[in-house]
1. If the only charges are +1 at each Lys and Arg Cβ and -1 at each Asp and Glu Cβ, what is the size of the charge dipole of segment 3-94 around the Cα centre, to the nearest 20 debye?
2. Computed FRET efficiency, Cβ-Cβ of GLN218 and ALA252, R0 45 Å: what is it to the nearest 0.05?
3. Can you work out the FRET efficiency for the pair SER107 and GLU227, with r the C-beta to C-beta distance and R0 = 45 Å, to the nearest 0.05?
4. Decide, for segment 3-94, between rounded, prolate and oblate: order the square roots of the alpha carbon gyration tensor eigenvalues as a ≥ b ≥ c, take rounded if a/c falls under 1.5, and otherwise choose prolate if a/b is larger than b/c, else oblate.
5. With the cut-off at 1.5 for a/c, could you classify segment 173-218 from its C-alpha gyration tensor as rounded, prolate or oblate?
6. If we count other beta carbons within 10 Å of each Cβ, what is the order of SER166, SER107, SER259, fewest first?
7. Measure off 7 Å from each Cα along the Cα-to-Cβ vector at GLN165 and ALA211, then give the distance between these two points in nanometres to one decimal.
8. Between TRP61 and ALA39, what is the FRET efficiency for a Förster distance of 30 Å, r being their Cβ-Cβ separation, to the nearest 0.05?
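All of the numbers you see were taken from the coordinates with simple rules; none came from a lab. Predicted, not measured: the structure shown is a model, and the values here were computed from it. Backbone-built Cβ (ideal geometry, glycine too); neighbour counts: all protein chains shown.
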Amino acid sequence: MARHSPTDTRYSFAALVAGLIIGTVVAAGLVLAGVPIPAGLGLGAAIGIFVAASVKYTDQWEKAVLMRLGRYRGLRGPGYFAVVPIIDRVSYHIDQRIRTTAFGAESCLTRDTVPVNVDAIAFWIVRDAERAALEVQDYDEAVILSAQTALRDAIGKHDLAELIQSRVELGHGLKVALEQKMMNWGIQVQSVEIRDVIIPPALEDAMSRQAQAERERQARIILGTAETEIAHKFVEAANAYKDHPAAMNLRAMNMLYESIVKRGSLMVVPSGLADSLNVPSMMGLLGGAGHVPRSGGEAPAIAGAEPARESAPAAGGPPRLEKTRI
C-alpha cells in the first residue's frame, strides 16, 4: 500500500556511511586548516548529515513522489536518487505491483428482496503513479469504498438465483463499473471475483427442501414415463401372442425355466399354469395339426405320452388298439 513519509526518514545504510565519511573528511580538513576543533567538528557533522539526507532510494516495484517546496517535481526511482534536503520532500512511495483488496456487503437486499451477505475480492494495480498521488487523497481507501458501493448496487439489480449462478458475470460487471470510476485515478482493475454468497439459514433450508421436492417430482415423472412405455410394449406383445397360443406357452415355459435356473430351487406354480405347459399335450396338438413330421407311417414317440393299450379282441377277429387321448 502507499506509504506516507512526510518527515522523509527513509535512509539507506549506504547514505549513512557516505554522510559519515564525508563529514569526517571535512571535519579533519577544517581542523588541519587551522579552524578551531569544535567549529570544525560541528561543520563536518552538518555536512555529513546534509549528504546523508540527500541520498534516497526506492525498491524495484516502487515510485517516489518528489515534492519541492510543496510543488510536484516528478517521480523518482527505482534505485538511488538525490534530493535537496529541507527543500525537497518525498511524499509517497507508491507500490506498483498487483494488489488485492477484500471487500463485502452485509445484509443487502436483492431484487427479489432477499437479504444476503456477499464477499468479493478485487485485483488492481497503479498504472499511473502521478495521477494516483495527485488526483486522490488515499487511493487504497477509495478503492475499497468504491468497490463496496458498486457491489451493493449490483446486488440490488440481480435476483438471488442470478447471484448464486452467475458469479463470473457479476464480477465482470463490477470490474467494468470500477474501471469507469478509477480511470482518472491512474488505477487499473484487473478482475473482481465473488468469493461467497451467504443467505439466511431459514432460506437455505427452504431452498434445500424445494430442490428435493423438484428432484422427487422429476423422478416420479421418469418412472411414470417408463411405466407407460412398458405398458405399450406389453400391448404389442399381447397382440403378437393373441393369434399364436403355442408361442405364448413356449414363452411361459421359457420364463419359468429362467426363474428356476436363476433361483436354483423349486418353484410352486398354479395348476392351471402347469396344465397349460403340458408338453405332451402341446406336441400332440402340433402333431395333429401336421407340424410334426412322420416317417415310415409310424407315429412318433412322444415323451410323457401314455402308450397305446390293447383292448379285448372281438370274437373271431384280430386284437385292436384303443387310442388314448393325449
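1. Numbers: 9 positive and 4 negative charges, 72 e Å.
Rounded to the nearest 20 debye, it is 340 debye.
2. Computed FRET efficiency for GLN218 and ALA252 comes out at 0.80.
3. Working: r = 49 Å, r/R0 = 1.09.
Once rounded, the FRET efficiency stands at 0.40.
4. Working: a/c = 3.51, a/b = 2.31, b/c = 1.52.
Judged from the Cα gyration tensor, segment 3-94 comes out prolate (a/c at least 1.5, a/b above b/c).
5. Working: a/c = 5.53, a/b = 3.50, b/c = 1.58.
It comes out prolate by the Cα gyration axes.
6. Values: SER166 15, SER107 8, SER259 12.
Least to most surrounded, the residues fall as SER107, SER259, SER166.
7. Going by the 7 Å Cα→Cβ label model, 1.3 nm.
8. Working: r = 45 Å, r/R0 = 1.50.
Taking R0 as 30 Å, the efficiency between TRP61 and ALA39 is 0.10.
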